[in-house]
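Single-structure report; data block below.
Read-outs: derived from the displayed coordinates by stated rules, not from any lab. In this text, all values refer to a predicted model and were calculated from it rather than measured experimentally. Cβ coordinates were reconstructed from backbone atoms using ideal geometry, including for glycine residues, and neighbour counts include every protein chain displayed.
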Amino acid sequence: MKHAAFLEQITDFIFVENEPEKSDIIFIPGSGFPQLAEEAAQLYHAGFAPRILPSGRYSITQGHFGGVQEKTEQYPGTYETEWDFLRKVLEKNKVPSHAILREDKATYTYENAIYSRKVTEKEELNICRAILCCKPYHARRSLLYYQFLYPETRFLVCPVKDSQVRRENWYKTEKGINLVLGEIERIGVQFHEILRGIREETTISPEEG
C-alpha cells in the first residue's frame with residue numbers, strides 16, 4: 001500500500017492493545033456499548049482480576065443516558081446511568097455483585113479516571129496493575145487519562161474484540177476515519193490543561209516548592 005507507513009503510525013498510536021495479565025482491577029470507562037462489560041466479565045471469569053469498576057453517569061453533551069447502543073434485545077430496559085447499564089451487563093454475564101464497584105458520577109472520559117481513583121482510594125485498594133476495557137479506537141485516550149490518575153500503576157489495555165472499527169479497517173470507512181481522527185483531535189484539545197499543569201510543576205524550583 002502506497003501510504004502504509006503513514007497509516008501505521010496513526011494506527012499504532014490510537015489502537016493500544018496488550019495481552020491480559022493477573023491484575024488488581026478491571027476498569028471500564030462509561031459507555032452504552034455492552035461489549036465493554038462483556039469483555040470485562042470474560043476476563044473476570046478467567047481469573048485476571050477480582051474486581052471490576054465500571055464508571056459513568058452519562059455523556060455531558062447529552063445530559064442523560066443515551067441508551068443501549070448495540071444488542072438491545074439482550075439488554076432491554078431503562079437505565080438511569082452508564083454504570084447502571086454496565087452493572088446489569090456484568091451481572092447478566094454472571095459477575096457477582098460483590099465484585100462490582102460503583103462510580104456513577106462521571107460525564108466524560110477524564111472524569112471516568114478521576115472518580116474511579118476516588119473510589120479505589122475510598123476502598124483502600126492498592127492498584128499495582130490494572131486492565132482497561134474500552135472500544136479499540138478509544139484505547140489511547142482512555143489509557144492516557146487513567147495513567148495520569150494512576151501514575152504508579154501498570155495498565156494493560158484489553159479492547160473489545162466485537163467492534164466495527166478496528167485497527168485493521170478504520171481507514172476504509174468514513175465512520176472509522178471520523179472516529180479515529182476525532183480521537184486525535186480530542187487528545188490535542190483536552191490535554192492542554194494537563195500538560196500546562198505538568199509544565200508548571202516541573203518549572204517550580206525546590207525553594208519555591
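The loop-placed trypsin sites (Lys or Arg not before Pro) in segment 112-209, going by DSSP, that have at most 12 neighbouring Cβ atoms within 10 Å of their Cβ come out as 161. When you restrict to C-alpha pairs under 8 Å that are six or more residues apart and normalise by the size of segment 17-165, the relative contact order lands at 32 percent. Each residue, residue 164 and residue 191, gets one label point 7 Å from its Cα in the Cβ direction; the gap between the two is 2.8 nm.
Here Kirkwood radius over Cα pairs in Å was calculated from the structure, and among (1) 17.4; (2) 18.6; (3) 17.9 it sits at label (3).
How much mean residue ellipticity at 222 nm does the chain get from its helices, if each DSSP H run of length 4 or more adds -39500 (n - 2.57) and you divide by all residues, to the nearest 500 deg cm²/dmol? Each step should come with its number before you reach the end.
Numbers: 7 runs with 87 residues, N = 209.
So the calculated ellipticity at 222 nm is -13000 deg cm²/dmol.
Applying a threshold of 19 Å to the alpha-carbon distances of 2/175; 22/135; 88/122; 71/161 flags 2/175; 22/135; 88/122 as lying beyond it.
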